[in-house]
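What follows is a set of notes on a single structure, which appears directly below.
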Amino acid sequence: MLPASSSPLRFLASAVSAAVALAASLAQQTTHAAPSPVAAAGSPCVINSVASAAACLSSTNILIQGPFTVPGDTTLDLSKLAAGTTVTVSGTVTWAKSSTFTKDNFLFMLGGSGITFDGTGGTFDGNGQLYWDGQGANGGVPKPKMFRVTTTGGSTIKGITIKNTPIHCFSVGGSDTTFSGITVDNSAGDAGGGHNTDAFDVSATGITIQNCMVHNQDDCLAVNSGGGITFTGNTCIGGHGISIGSIASGKTVDGVTVSDCTIADSDNGVRIKTIFQATGGFVKNVKYSNIKLSNIAKNGIVIEQDYENGSPTGTPTGGIPISGVTLTNIAGTMSGGKEVYILCAACTGFSFSGISITGGAAGSCTGVSPVPQGCPGGAAAGGAGGAVGAGGAGSSSSSSAVATKTTATTSKTTKAVTTLPAKTTTTTSAAPAPAPTTTASAVKATTTSAAAATTTTAAAAVGGSVCHVWSVVTTDGRSGHCTTKNNQNQACAAFGTTPFSVAVQALDPTGATSKVKLVDTAGVKANGEQEAATGGPTVAMFANGSGATVSLVSNGPC
């Protein structure tokens, strides 16, 4: 009820006047107040510069929105996030060169419990080419590490592409974290002086790393301490292999499972190393299974207790005993070196089966009894273990490709790393299938004759989603490697002017199918397109023009 002295008209005028005054007051406050980084309930707090990061650290929904550049000698630090925070990355974040950061510093840090880090749409670029000098962390220009992880409590890190790390990529601490579908692309470091570019250095418990793709110049995985570690469905190109160690004094490793992985164009395949004269630790309960090796240069399997950085002593010490090592279905090819090398002072409980490695010297195994399969004097290969076949190692559901340079190099070939699904069909003709070699996007074409052998490298850019990976070998011994994408033609190797036919083999694990073409420089196709499958025989196609090129096209989507 209105007061007796008021009329409805006077009351309405008073109410309108009050509302106008309140609106004016709010407008003035809004004009002078700092804007909140969170625009509305449920929307992400956006980091689009280093300066904007601090305001987002208390948010549980963060978007790192590139492109932007982090200044030199600066860490983008998200190491103290609230429990349950989701971090999404979109676009590219680049780090400018640092002048004072060393191997004790990190360019990016992530920590917290129950963290979800989704980098599917993002790239971190460490500008490694500004640091690389061939010395890595051992000297030369000071170099920071890339990505420090201390997450716990069922955290997930997935999808991110990280390229050009100055030295180590992921330094993994914390616990109970899964890494999935990650690409580590240091392929530019092959010719650019990349060194110590480890992909995953792990000193943690309860860690799973799956369906990742790595091209680097050091260990794909290096477990330095911890346990409950699983490394599965990953592809490792160009580095030093999948490693336990090197294990230093006082460090222990208990429980590592490595399965269904491909290691190609690397110094080593399977590797366990303890440091010379280290004491007070141990390595036990380590399992490698279904590992495909391709073009390994030094050691297919190496277990050594004499390790010193870059220069093993040749004298093993037993202060870090190694026990309970199981190797099953380790198979593939080498370009030299030793197929199996074991140098132990305190090694027990080794069980090897299905060891089938070719192309290297027999190697040697000392300090372990009984002598395991694959060693000179060890049990014969075969039996229940068997060798890894077309359906063995390397299976995975990931289909991203490493971005590669298109300029040819003369040192190491630049590869695309991928683990791929596939489908099966059949072919005709009758030449033997080539042995699996490696995945590649800069194609290595080797020409051989009775008089001489020459090697040339022809780069073929591969972008987007890679569908299948193929080995192509001509009847006169020239070989190359190709990738195909969803329903797309992809030129893969130039083989010169000599007429030839080709054998095509999928490197996918489960029987991929593709169509193969030959095209000369005049654009004349020979015999049209023909089917080729995993392990398939020669496809009878002949190039009669100059500069003949093999092309592949996948049959349907990945």
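Amide hydrogen proximity for Ile357: with H placed 1.01 Å from N in the peptide plane, the residues at 5 or more positions away or on another chain lying under 5 Å are Gly332.
Taking all pairs of different Cα atoms in segment 63-218, averaging 1/r and flipping that mean, what Kirkwood radius in angstroms comes out? The partial results should precede the final answer.
On the way: mean 1/r = 0.0658 Å⁻¹.
One decimal place: 15.2 Å for the Kirkwood radius.
Looking at segment 244-345, which GluC sites (Glu not before Pro) are in a loop (DSSP not H, G, I, E or B) and have at most 13 other Cβ atoms within 10 Å? Please report the intermediate quantities before stating the final value.
On the way: sites: Glu304, Glu308, Glu339; in loops: Glu308.
Of the GluC sites (Glu not before Pro), the ones in loops of segment 244-345 whose Cβ has at most 13 other Cβ atoms within 10 Å are Glu308.
Which of Lys158/Lys338; Lys143/Lys273; Lys143/Lys251; Lys103/Lys284; Lys97/Lys287; Lys80/Lys273 have a Cα-Cα distance over 32 Å? Before the final figure, lay out each step's value.
Details: Lys158/Lys338 36 Å; Lys143/Lys273 25 Å; Lys143/Lys251 25 Å; Lys103/Lys284 29 Å; Lys97/Lys287 40 Å; Lys80/Lys273 34 Å.
Violating the 32 Å Cα-Cα cut-off are Lys158/Lys338; Lys97/Lys287; Lys80/Lys273.
Put the Cα centre of segment 284-317 next to the Cα centre of segment 164-193 and the gap is 21 Å.
Using only Cα atoms, what is the ratio of the radius of gyration of segment 230-367 to 2.2 N^0.38 Å?
Details: Rg = 13.6 Å, N = 138, 2.2 N^0.38 = 14.3 Å.
Against the compact-globule rule of thumb, the ratio is 0.95.
The length gained on full extension between Thr279 and Gln135, counted as 0.36 nm times the residue separation minus their Cα-Cα distance, comes to 49.1 nm. The alpha carbon radius of gyration of segment 135-223, expressed as a multiple of 2.2 N^0.38 Å, is 1.05.
With a Förster radius of 41 Å, plug the Cβ-Cβ distance of Ser311 and Thr178 into 1/(1 + (r/R0)^6) and report the FRET value to the nearest 0.05. Don't skip to the end; give the middle numbers.
Details: r = 36 Å, r/R0 = 0.88.
FRET efficiency, Ser311 to Thr178: 0.70.
Amide H to amide H distances under 5 Å link Ile47 with Leu63, Ile64, Gln65, where only residues 5 or more positions off or on other chains count and H is placed in the peptide plane. Close amide H contacts of Asn127 (hydrogens built in the peptide plane, cut-off under 5 Å, sequence separation of 5 or more or a different chain): Trp95. Each residue of segment 117-132 was assigned a 3J(HN,Hα) from its phi angle through the Karplus expression (A = 6.51, B = -1.76, C = 1.60, θ = phi - 60°), giving 10, 10, x, 3, x, x, 9, 9, 10, x, 6, x, 4, 7, 10, 4 Hz with x at Gly and Pro. Overall, the accessible surface of segment 126-281 at a probe of 1.4 angstrom is composed of carbon and sulfur to the extent of 42 percent. Beyond 19 Å, the tail of the calculated P(r) for segment 167-293 holds 42 percent of the Cα pairs.
The values are calculated or read from the model by the stated rules, or taken from the named source; none is laboratory data. Predicted, not measured: the structure shown is a model, and the values here were computed from it. FYI the Cβ positions are ideal-geometry reconstructions off the backbone, even for glycines, and counts take in every protein chain you see. Ligands, DNA and RNA are stripped out before the accessible areas are found, and what is left, the full protein with its side chains, is counted by its heavy atoms. Shrake-Rupley method; radii C 1.70, N 1.55, O 1.52, S 1.80 Å.
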